[in-house]
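Working notes, beginning with the structure itself.
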Amino acid sequence: MQSFNELVRSLEQHPEWRSELRRLVLSDELLELPGLVRDLFESHRRAEARLERVEESLAALAEAQRRTGERLDRVEESLAALAEAQRRTGERLDRVEESLVALAEAQRRTTDTVGNLKGQMLEHSYREKATSYFGRLIRRPQVVTANDLWDALEITLSSQELDDLLALDLMLRGHPRHVEDPPEVLLAVEVSSIVDSYDVERALRRATLLRKAGYNAVPVVAGEESTRGGESEARRCSVAMLKDGKTFLWEDALSEWCLGK
């Protein structure tokens with residue numbers, strides 16, 4: 001025991017011996033343990049620092065993701081608002097189109113009504129002023145009704161043909177002017193504000209029915225204006241035309257239908 005106490009006192013007096021004593025007493029592993037502990041502590045510290053940086057990065061990423069989500073939410077809301085606005089615009093356009101269609105239909109009906117009224121007024125004018133309009137074509141033009149010709153028409157025409165003929169706008173009887181020993185003719189007149197090929201076809205068809213019933217009929221169309229197709233068809237079929245107070249193709253129609261030239 002005395003030697004141990006002396007050893008302790010010697011170590012206290014000579015601290016530099018302690019390292020050598022530890023080397024002799026302790027194993028290499030135990031001697032290295034403090035360094036290993038320090039290394040482990042340092043590794044743990046670095047790991048903690050890295051983990052903190054990872055956590056910070058994850059937090060930043062989560063915040064960025066949150067902001068991205070908020071932006072996407074706003075984009076989705078904007079797209080939804082845009083889609084709703086587009087839907088409302090489509091509905092408004094549908095209503096506008098419906099209004100335009102209705103307006104076009106109303107305009108068409110108005111145009112048809114005005115056209116019919118003008119046609120009726122023209123027909124009345126041609127009837128009332130027959131001498132003024134047709135006196136240059138035939139002498140003493142006389143307005144003729146279907147009743148005046150009924151017996152001959154009923155005998156020779158079918159009911160369908162008779163119904164068609166009754167729709168003829170105007171018939172006039174007289175003798176052609178400027179013709180030697182002229183025969184009596186019957187003008188089958190179709191009246192329209194704008195004469196087209198359909199008017200020409202009707203005048204031709206109904207004049208043909210009168211000729212079938214034995215009358216010397218000449219097809220005539222009359223109006224304020226004419227289409228190019230109406231003029232071409234009238235020329236092709238030798239149908240006389242009165243337009244805006246002027247007479248066209250009368251000699252051709254008279255020659256084709258009555259004089260046999």
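Just so it is clear, none of the values below were taken in a lab; they were calculated from the coordinates. Note that the coordinates shown come from a computational prediction; the quantities given were computed from them, not determined experimentally. Positions of Cβ are backbone-derived with ideal geometry, glycine not excepted, and every protein chain shown enters the neighbour counts.
The angle between the Cα long axis of helix 2-13 and the main principal axis of the chain comes to about 60°, on a 0 to 90 degree scale. Applied to the stretch 222-227, the Karplus parametrisation 6.51 cos²θ - 1.76 cosθ + 1.60 on θ = phi - 60° returns per-residue 3J(HN,Hα) values of 9, x, 7, 9, 8, 7 Hz, with x for Gly and Pro. Scanning residues 5 or more positions from residue 186 or on other chains, those with amide H under 5 Å from its amide H are 216, 217, 218, with H placed 1.01 Å from N in the peptide plane. Each label was represented as a point 7 Å from its Cα along the Cα-to-Cβ direction; for residue 163 and residue 132 these points are 3.7 nm apart. Once the Kirkwood radius over Cα pairs is known for the stretch 141-261, the Stokes-Einstein relation at 20 °C and 1.002 mPa s delivers a diffusion coefficient of 150 µm²/s.
Near the amide H of residue 170, within less than 5 Å, lie the amide hydrogens of 189, all on another chain or at least 5 residues away, with H placed in the peptide plane.
What does a probe at residue 89 reach in the stretch 59-77, counting residues whose amide N is under 18 Å from the point 7 Å along Cα→Cβ? Counting backbone N atoms under 18 Å from the label point, the list is 76-77.
The phi-based Karplus calculation (6.51 cos²θ - 1.76 cosθ + 1.60; θ = phi - 60°) puts the 3J(HN,Hα) values of the stretch 193-208 at 4, 10, 6, 10, 5, 5, 4, 4, 4, 5, 4, 5, 5, 6, 5, 5 Hz, whole numbers, x for Gly and Pro.
Normalised by the number of residues in the chain, the average gap of Cα pairs under 8 Å and 6 or more apart makes the relative contact order 11 percent. Between the amide H of residue 177 and those of 138, 139, distances stay under 5 Å, these residues lying 5 or more places away or on another chain, with hydrogens modeled in the peptide plane.
Remark: the stretch 235-247, residue by residue, has Karplus-estimated 3J(HN,Hα) of 5, 5, 9, 6, 10, 5, 9, 10, 9, 6, x, 10, 10 Hz, where x stands for each Gly or Pro and the curve is 6.51 cos²θ - 1.76 cosθ + 1.60 at θ = phi - 60°. How big is D, in µm² s⁻¹, for the stretch 64-218 by Stokes-Einstein at 37 °C and 0.692 mPa s if Rh is the Kirkwood radius over C-alpha pairs? Using the Kirkwood radius from Cα pairs, D works out to 160 µm²/s.
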